[in-house]
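What follows is a single structure, written as structure tokens, with notes after it.
The values are calculated or read from the model by the stated rules, or taken from the named source; none is laboratory data. None of the values given here were measured: they were computed from a predicted structure. Cβ: placed from backbone, ideal geometry, glycine included. Neighbour counts: every protein chain shown.
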Amino acid sequence: MEAFIDGYPVPAAPVDREIIINKSRFITWLRPVTNRDDAMAVVEQARAQYPDASHHCYAYLLGSPASAQAAMNDDGEPSGTAGKPIFNVIQHKGLSDVLVVVTRYFGGVKLGAGGLVRAYAAAAESVLAEVERVEHIPHFNARLELDFSLEQRLRHWADQHQGQVLDVQYGQQVGLTLSAPREHLPDLEALCAAEQITLHTQ
């Protein structure tokens, strides 16, 4: 079974911005994340850095857009006025593997539900408009069984194709696990067929 992820845009680096709306202060962090644990760790970092803030609202989108994982949190703001507007901006930008946390210091002026939606969307826009995008390159993992005489050839193949040898085990044959960009899989399959190397893709 081949478990591949199609390429999609992801953030290249963190972005931080701060905006003031009707005396409320909105501090926004955009962070590249690849799983929920990483995302939650950043939210906790924001809580620790701004412990006296009124709210720490967030949204994230992880993985291929076709099968993405998403979450959003209003953190005490009226339901649907914080996490969802943040998430909507993320979706509109077509970005994934991204977390946006908006920390709000209440400035004494109530914004109302519509005002909150606009404010959190503006906070998300402030970082998402600035973020540099890179392409998530889909990789495959493969397990190969080969004769000792072919190990160096396989290592050379990996070097030439942006591949990485993840694990090597020696027994009657060499058991080698490697990862490489998906586009190079047909080339590896051809090499294995020519050299009678057993190939299992994961």
Enumeration of residues in region 139-183 that are under 30 Å from Y8 (Cα atoms) and more than 31 Å from the chain's Cα centre (by Cα):
none
Taking interchain pairs and intrachain pairs at least six residues apart, which have beta carbon atoms under 8 angstrom, with the first residue in region 18-34 and hydroxyl-bearing (S, T, Y) and the second part of a strand (DSSP E or B) and modelled with pLDDT under 95?
T34/L62
Exactly one of T81, T34, T28 is touching an Asp or Glu at 6+ places or on another chain (Cβ under 6 Å) and either modelled with pLDDT of 95 or more or closer than 30 Å to A180 by Cα (or both), and that one is T34
From the list V165, V134, exactly one residue is assigned to a strand (DSSP E or B), of a type in the set (V, I, T) and either in contact with a Phe, Trp or Tyr (Cβ under 6 Å, 6 or more places away or on another chain) or under 29 Å from T198 (Cβ atoms) (or both). Which is it?
V165
Hey, R118 of a type in the set (K, R) and in the same structural domain as I21 (by TED's automatic domain parsing) or not:
yes
Can you find even one residue in region 71-85 that is acidic (D, E), touching a Gly at 6+ places or on another chain (Cβ under 6 Å) and at negative phi?
yes
Can you name the condition, by its number, that Q69 falls short on among (1) farther than 30 Å from H184 by Cβ; (2) surrounded by fewer than 21 Cβ atoms within 10 Å (Cβ to Cβ); (3) within 18 Å of the chain's Cα centre (by Cα)?
(1)
Residue count for region 179-197, restricted to those that are surrounded by 13 or more Cβ atoms within 10 Å (Cβ to Cβ) and either of a type in the set (K, R) or under 13 Å from L150 (Cβ atoms) (or both)
6
